[in-house]
Structures are given as C-alpha cells and as structure tokens.
1. Out of the residues in region B:32-53 meeting the condition of being aromatic (F, W, Y) and surrounded by 19 or more Cβ atoms within 10 Å (Cβ to Cβ), tell me which one is nearest to the other protein chains (Cβ to nearest Cβ).
2. Within region A:4-18, can one find any residue that is more than 8 Å from every other protein chain (Cβ to nearest Cβ), farther than 20 Å from B:Y194 by Cα, modelled with pLDDT of 95 or more and over 19 Å from the mean Cα position of the chain (by Cα)?
3. Here's a check for you: in region B:70-90, which residue that is within 14 Å of the chain's Cα centre (by Cα) and facing chain A (nearest Cβ under 9 Å) is farthest from B:A107 (Cα to Cα)?
4. Given the structure, is A:T69 over 12 Å from the mean Cα position of the chain (by Cα), modelled with pLDDT under 95 and either over 27 Å from B:F38 (Cβ atoms) or more than 8 Å from chain B (Cβ to nearest Cβ) (or both)?
5. Using the structure shown, decide if B:I222 is under 28 Å from B:W131 (Cα atoms) and within 14 Å of another protein chain (Cβ to nearest Cβ).
6. Name the residue that is farthest from the chain's Cα centre (by Cα), counting only residues in region A:19-52 that are aromatic (F, W, Y) and at the interface with chain B (Cβ under 8 Å from one of its Cβ atoms).
7. Return yes when A:A41 is assigned to a loop (DSSP other than H, G, I, E, B) and at pLDDT below 95 and no when it is not.
8. Given (1) buried (at least 23 other Cβ atoms within 10 Å of the Cβ); (2) of a type in the set (F, W, Y); (3) more than 10 Å from every other protein chain (Cβ to nearest Cβ), where does B:W180 come up short, assuming only one miss?
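The values are calculated or read from the model by the stated rules, or taken from the named source; none is laboratory data. All values derive from a computational prediction rather than experimental measurement. Don't worry about glycine lacking a Cβ; one is built from the backbone with ideal geometry, like all the others, and counts go over all protein chains shown.
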Amino acid sequence: MADVHAAPHHITPLRTYFMVFAALAIGTLLTWYASTVDLGAWNTPIALIIATTKAVLVILFFMHVIYSTRLTWVVVIASFVWLAMLFVLTFTDYLTRAWQIY
Amino acid sequence: MSDLTLEAQEHVHHPFLQHQFEDLGQQHEASTLGMWVFLATEILFFGGVLMAYWIYRVIYPEAWALAGEQQNTLAGGTNTLVLIVSSLTMACAVRAAQLGSRRGTLALLFATLFFGCVFLGIKSYEYNAHWHEGLFPGLHFTWNEDPALAPKVQLFMVFYWGLTGLHALHMVIGVGLLVWIISRAWRSQFGPEYYSPVEVMGLYWHFVDIVWIFLFPFLYLIPHFGVHHG
C-alpha cells in the first residue's frame with residue numbers, strides 16, 4: 001500500500017518554467033497591444049481568451065496540476081465548472097433582458 | 001506490535017510527518033488537495049465580485065468607458081509583468097526545495113518577496129494618485145467631466161478599489177506567508193522529502209497572480225470597448 005501514497009514528486013525542468021514564463025510575458029504584451037487597436041466587438045473576447053490561456057498555463061505548469069492526481073484535477077475542474085455556472089446562468093438573464101425591447 | 005518496533009518506527013519517521021498520515025507522500029497529497037479546495041472557494045469569492053462588475057459593465061457601458069480611461073495602463077501592465085516574474089521565481093523556489101538546495105530556495109523566496117513588495121509599491125503609487133484625483137468613492141468623490149454619469153463612474157471605482165483592494169490584501173497575506181516560509185527554509189526544514197509548505201505557498205501565490213491576470217484587462221484595458229456594442 002505504501003507505494004500508492006509514495007507520490008512521484010515530479011521535478012519540472014527549468015526549460016518548461018522559462019517557456020511558460022515567456023508565454024505569459026508575450027501574452028501580457030499581446031493583450032496590451034490588442035487593447036490599443038479597435039477590433040469592434042472582438043476586443044473583449046480577445047482579452048478574455050488571452051487571460052484564460054495565461055491562467056491555464058499557470059495552473060498546469062506553475063501549480064503542477066498537469067502532474068497531479070486525478071482527485072486534484074476533479075477539484076480544479078469542479079471549481080471552474082461552478083464559476084462557469086455562475087456566469088452563464090446569470091448572463092442568460094442580464095444579456096437577454098433587452099430582447100423584449102426589439 | 002511490541003514497544004520496540006513502535007520505537008523503531010518513531011525513529012524512521014520524518015519529524016514533520018503528522019501521525020494521521022501513512023507517509024510523507026500521502027501527507028503532501030492531502031496538503032495540496034486541501035489548498036486546492038481552499039482555492040476553489042477563492043475562485044468563487046473573486047468570481048462573485050467579477051460577476052457583479054460584468055453586469056454593471058453591460059448596464060453602464062458609457063460610464064465604464066470613461067472610468068477605464070482614468071486607469072494608469074503602464075503601471076497596471078508593469079505590475080502584471082512583475083507578478084509573472086514573481087510567479088517564475090516562486091515556481092523555481094519550489095524546484096530548488098525539491099532538489100534540496102537551501103541556498104537556492106532562500107534566494108528565490110527572497111526574490112519572490114522582493115517582487116511582491118514591488119507590486120504593492122506600484123499599487124500604492126496608483127492608489128495615491130487616484131486618491132488625489134478624487135477617484136475614491138464616497139463624500140470626496142469628484143467627477144466633473146459628465147455630471148450625469150458621475151454616480152456610475154463612482155460605481156466603477158467601487159469595483160476598482162474593491163477588486164484591487166481584495167487582491168492587494170491577498171498580496172499582503174502572501175508576503176506575510178513568504179516571510180514565514182523563508183524563516184523555515186532558513187532553519188533548513190525543507191528538502192527533497194519534505195517541501196509541502198513551499199509547494200502550498202506557491203499554489204496560493206500563483207492563484208493571486210491569476211486573479212491579477214484577469215483584473216488587468218478587466219479594469220485597465222477593455223472598459224472602453226463596451227461602448228461600441230453596448
């Protein structure tokens with residue numbers, strides 16, 4: 001049984017950390033640059049996509065979720081599913097209120 | 001089981017292995033899982049405030065556009081990069097602890113502490129500027145550009161101070177935790193077998209970084225884009 005708990009302590013190569021860091025820095029510059037250009041309705045979605053990508057990189061590599069057990073994955077995914085429920089269900093209300101006007 | 005074997009077991013036990021766990025691997029697993037459960041509550045805690053922010057952004061796009069222009073994008077962007085660097089040093093500190101390098105762990109934890117303080121310094125500079133511009137919500141709030149929108153601009157500033165304030169509070173707590181982890185690393189309490197506190201500290205620090213990754217575009221970069229389709 002002891003083997004089950006002797007979790008393999010994965011040591012991430014420095015290269016991975018530096019690549020994630022580079023991606024995060026580029027993402028920051030990209031989101032800043034995108035905000036200086038008028039893309040009409042696309043500015044908000046693009047900012048959201050870049051921020052979400054950066055967050056996923058941090059969670060997977062800096063927070064080691066990619067190497068962790070399924071139980072940790074369940075907790076991580078469940079917390080974001082709950083967050084998505086909060087946003088999606090609330091916006092089904094607020095974003096559709098104007099419809100009755102048209 | 002005789003007393004002798006129990007005593008022998010005591011000897012092989014790591015000093016930081018709590019008695020309810022079979023071994024350090026299981027203890028590490030429980031520590032990180034526990035931190036993630038706490039972070040799940042934090043995600044929903046910040047998520048609730050962000051939800052309210054988005055609802056008012058949809059309702060008052062003009063005020064959000066005006067208020068967004070008051071933000072110091074250079075300061076916010078610099079702070080984003082500062083936090084990303086601090087996350088890199090934090091991740092590398094955990095790695096140094098895993099490899100058993102006391103000197104490396106300490107140096108990287110000190111670097112993380114330094115960048116955390118730089119973030120708070122830049123944030124204080126911004127807060128000070130907003131305070132003098134009359135952009136702190138309350139009795140002394142001043143907005144002369146478009147008086148009709150003043151209450152709504154003030155509402156944006158409530159979210160601005162509330163969200164960045166909660167984030168800064170988390171940063172202050174993180175800096176405090178770092179000092180504690182540094183003092184433990186100083187006393188050589190971590191090594192390849194036992195580094196869970198450094199790892200869990202890292203999880204918290206990275207989470208606070210993620211919150212800022214979202215706050216930066218929401219509060220500094222995109223408020224003025226609501227108008228086009230609002």
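1. Checking each candidate, the answer is B:W36.
2. Narrowing region A:4-18 to residues more than 8 Å from every other protein chain (Cβ to nearest Cβ): A:4, A:8, A:10, A:13, A:15-16.
Next, from what is left, pick out any that are farther than 20 Å from B:Y194 by Cα: A:15-16.
Still in the running and modelled with pLDDT of 95 or more: A:15-16.
The next check asks that each one be over 19 Å from the mean Cα position of the chain (by Cα); those that pass are A:15.
Yes.
3. Step by step, filter region B:70-90, then rank; the result is B:T80.
4. Numbers: over 12 Å from the mean Cα position of the chain (by Cα): yes; modelled with pLDDT under 95: yes; either over 27 Å from B:F38 (Cβ atoms) or more than 8 Å from chain B (Cβ to nearest Cβ) (or both): no.
Criteria not met by A:T69.
5. yes
6. A:W32
7. No.
8. The failed condition is (1).
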